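Okay, structure first, notes after.
The values are calculated or read from the model by the stated rules, or taken from the named source; none is laboratory data. Source: prediction; values computed, not measured. Cβ placement follows ideal geometry from the backbone for every residue including glycine, while neighbour counts extend to all protein chains displayed. When the accessible area is computed, the model is the full protein with side chains, heavy atoms only, and any ligands, DNA or RNA have been set aside. Shrake-Rupley method; radii C 1.70, N 1.55, O 1.52, S 1.80 Å.
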Amino acid sequence: MNSKHRFVLTTLMVASLAACSGSEERRRQANQDFTYLETKPLSNWVLPEGTEPYATNEYAIPNQAFAGEIGAGVDIRSPQQVLALIPGARVVKNADGVTLVLANSEELAGVWSLTKTMLTEQGIALREQTASRLETEWVSWTNEDDETQVSSRYTIEKSEKPGDNSYQITLIDWREGEKNEPVSVINKERYSILMTNLVTSRYDAKVREEARLRAQELVKQIPITMGQDRSGLPVIIARAPYNVFWERLPSLLDELGFTVEGRNRSQGIVEVKFRSPDDQFWTDLGVKPIELDDSTYKLQLGDLGNRTSLSVTDSDGKPITERALESIAPVFGKAIESSNRKS
């Protein structure tokens with residue numbers, strides 16, 4: 001059973017030079033023509049009468065057969081590169097295809113599982129499948145640099161040897177239009193890399209999504225208490241890493257009558273203006289009002305590893321009273337709880 005899936009190559013995996021334009025043939029050849037193939041054969045040099053011959057080997061071209069394409073067979077497209085989207089993975093390119101040497105067995109298992117999921121979601125059928133080897137049906141590529149639609153089949157394998165965390169993608173069959181063709185070295189490398197990049201980009205998207213969800217959970221659970229800094233002065237302690245609390249703080253401030261007028265992440269400073277909400281707001285929130293005058297303040301955040309400190313100074317740069325600071329802590333805690341219920 002044959003199954004084809006068409007990929008529209010995105011800018012992430014461009015198969016041609018961005019600056020090129022025109023037909024497929026023009027994009028893939030130098031100087032837009034093949035007139036150099038009409039060059040007349042070399043002939044012996046005839047010395048003018050009265051001159052003496054002089055010979056040097058300085059510019060001699062080796063007299064041997066050079067293997068390579070000519071004319072339309074020459075491909076001047078920029079080479080493909082495996083996208084470095086899996087931290088710690090090492091890339092090996094050879095005649096067999098593209099191999100990723102992963103950092104550990106857990107990561108290899110994750111990439112292998114993701115590969116099977118991706119193939120299923122993309123509708124790529126499998127001709128054969130074992131615990132460590134997948135052989136695909138035809139995968140069709142839509143690419144403006146190819147004169148006809150091209151399709152390819154792959155084997156995807158993972159090592160079963162202990163300590164060998166390698167994962168390999170190899171192009172095994174090639175088709176142009178409906179005609180099977182030999183697999184050229186150029187196509188084998190180029191389209192093995194393209195398939196590898198589909199996997200690595202999908203892996204990167206999965207890791208990013210998992211990180212986003214973890215960050216969301218961290219942001220939701222932020223206990224707020226009172227504490228002291230290194231000098232013994234009272235501070236508010238948010239039990240969350242600095243980068244997590246920094247991102248959550250503006251929305252909390254906005255809900256509680258603060259207007260953010262300036263932020264400096266590297267210095268941990270947030271400049272705000274406070275205008276207290278009405279009594280009903282505090283009643284609905286279930287806390288006593290913040291004991292601050294309607295004025296401008298500066299919030300200073302400190303990075304304590306897995307916690308973040310928060311101190312407040314008034315418009316004159318003086319720390320607010322401990323009582324005023326203590327009135328803020330429970331309000332922040334209630335605001336976080338209220339926000340979590342809404343979400």
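Available extension along the chain between Arg265 and Glu326 is 19.5 nm, counting 0.36 nm per residue and deducting the alpha carbon span.
Among the GluC sites (Glu not before Pro) in the range 42-132, those located in a DSSP loop and surrounded by at most 10 other Cβ atoms within 10 Å of their own Cβ are Glu49, Glu58, Glu69. Taking every protein chain into account, the accessible area of the range 148-190 amounts to 51 square angstrom per residue (probe 1.4 Å). Specify whether the C-alpha gyration tensor of the range 264-306 places it in the rounded, prolate or oblate class, a ≥ b ≥ c being the square roots of the eigenvalues: rounded for a/c under 1.5, otherwise prolate if a/b is larger than b/c and oblate if not. The shape class here is oblate. With all protein chains in place and a 1.4 Å probe, the accessible surface of the chain carries 50 percent carbon and sulfur.
Of the listed residues Tyr36, Tyr203, the order by accessible area with a 1.4 Å probe, largest first, is Tyr36, Tyr203. Its Cα centre serving as origin, the chain has a Cβ charge dipole (Lys and Arg +1, Asp and Glu -1) of approximately 980 debye. Across the range 87-96, coupling constants 3J(HN,Hα) worked out from phi with the 6.51/-1.76/1.60 Karplus curve, θ = phi - 60°, read x, x, 7, 10, 9, 10, 10, 8, 5, 7 Hz, and Gly and Pro carry x. Cβ-Cβ distance of Asn104 and Thr148, R₀ of 45 Å, FRET efficiency by 1/(1 + (r/R0)^6): the value works out to about 0.60. Taking 17 Å as the straight-line reach from the Cα of Lys318, the aspartates and glutamates in range (excluding those fewer than 8 positions away in the same chain) are Asp229, Glu271, Glu291, Asp293, Asp294, Glu326. For the residue pairs Lys116/Lys179; Lys40/Lys93; Lys179/Lys206; Lys40/Lys188; Lys206/Lys298; Lys40/Lys179, the alpha carbons lie more than 30 Å apart in Lys40/Lys93; Lys179/Lys206; Lys40/Lys188; Lys206/Lys298; Lys40/Lys179. Rounded if a/c is under 1.5, else prolate if a/b beats b/c, else oblate: with a ≥ b ≥ c from the C-alpha gyration tensor eigenvalues square-rooted, which is the range 207-343? In terms of gyration-tensor shape, oblate. The aspartates and glutamates within cross-link reach of Lys158, meaning a Cα-to-Cα straight distance under 17 Å and a gap of 8 or more places when in the same chain, are Asp96, Glu106, Glu107, Glu128, Glu135. Rolling a 1.4 Å probe over the heavy atoms of the protein chains gives the range 29-103 an accessible area of 87 Å² per residue. Dividing the summed helix terms, -39500 (n - 2.57) for each DSSP H run of n ≥ 4, by the number of residues in the chain produces a 222 nm estimate of -9500 deg cm²/dmol to the nearest 500. Between Ser113 and Glu209, the simple label model (points 7 Å from Cα in the Cβ direction) yields a spacing of 1.4 nm. Can you tell which of Thr117, Gly88, Gln129 lies farthest toward the positive end of the dipole of the range 63-143, using +1 and -1 charges on the Cβ of basic and acidic side chains (Lys, Arg; Asp, Glu)? Checked the options; the winner is Gly88. Each Lys and Arg contributes +1 and each Asp and Glu -1, all at the Cβ; summed about the Cα centre of the range 44-101, the dipole is approximately 560 debye.
Distance between the pseudo-spin-label points of Asn63 and Thr120 (7 Å out from Cα toward the beta carbon): 6.5 nm. Which of Trp45, Trp246, Trp174 moves the most in a Gaussian network model of the chain with Cα springs under 10 Å? For the chain, modelled as a Gaussian network with Cα springs under 10 Å, the answer is Trp45. The distance linking the range 248-313 with the range 54-87 is 64 Å (Cα centroid to Cα centroid, whole angstrom). Between the helical axis of 322-342 and the dominant principal axis of the chain, each derived from Cα atoms, what acute angle in degrees is found, rounded to the nearest 10? So the inclination is approximately 50 degrees. Of the labelled options (i) 25.1; (ii) 17.2; (iii) 33.1, which one gives mean projected area of the Cα convex hull in nm² as computed for this structure? Answer by label: (iii).
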